[in-house]
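All remarks here apply to the structure that follows.
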Amino acid sequence: MADKLKRTRRWVLLGAGAAVVGGFAVREYRLIPPVYAGGQLNAEEAHRQALSGDILLVDIRTPREWQATGIGEGAQPLDMRRDDFEQVLAQLLDGDKNAPVALICARGVRSARLSNRLTEAGFTNIFDVPEGMLGSAAGPGWVRSDLPVRRSEDTVMAPARITNVSLVADVEMRCRCPRHARRVRLHGIIPEGRPSN
């Protein structure tokens, strides 16, 4: 009986260890961008070429991400999750699948995958911006390079800078008895130029 219990415990521990290792492997697979054999641009070069009209720069992130960091100046926002993504991209290019297109996402993972997919779909001049908006191992990214972003089609905003400013809020935490009420000071960061209320 004791021998059977030891074998069962061993198999349970082995299975748990395999599950943990498998979980880390899946996580790493999702975070490592696939190899894209086409061209690559850094954020500054993509910005320069987009402003000069040499390339169509497409921000493929989600609307929530656009709202959080803004859209790079000169970039066209187009959510990659759209079912009609390839058709809309072709419309932006006036049907010319040979026109140069640069794709940018947050950290370069999605743009590399989508670059491969678009190349397979017949787009011949796709460039990846592997550092993305937020930076990656490929570079600091659009935001940290202090490149301008916009929140709407009309407004171009200066790069957001974060400073350590105390944001104070009074919060009462109570247990079931009122004598344990405590006031807590919360500290956070707020961007320059934004009201601290």
Practice item. Filter the stretch 92-136 for residues that are part of a loop (DSSP other than H, G, I, E, B) and under 14 Å from GLN40 (Cα atoms) and give the result. Key: PRO100, CYS105, ARG107, GLY108, THR124, ASN125, VAL129, PRO130, GLU131, GLY132
Exercise for review: Enumerate the pairs (first residue in the stretch 124-140 and surrounded by 19 or more Cβ atoms within 10 Å (Cβ to Cβ); second residue anywhere and among the β-branched types (Val, Ile, Thr) and not in a loop (DSSP other than H, G, I, E, B)) with beta-carbon separation below 7 Å, excluding pairs fewer than 6 apart on the same chain, so at least 6 apart or on different chains.
Suggested key: ILE126/VAL101; ILE126/THR119; PHE127/VAL101; VAL129/ILE104; GLY132/ILE104; MET133/THR69; MET133/ILE104; MET133/VAL143
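We did not get these values from a lab; they are worked out from the coordinates using the rules stated. None of these values were measured; they are calculated from a predicted model. Using ideal geometry, Cβ is built from the backbone for each residue, glycine included, and neighbour counts are taken over all protein chains shown.
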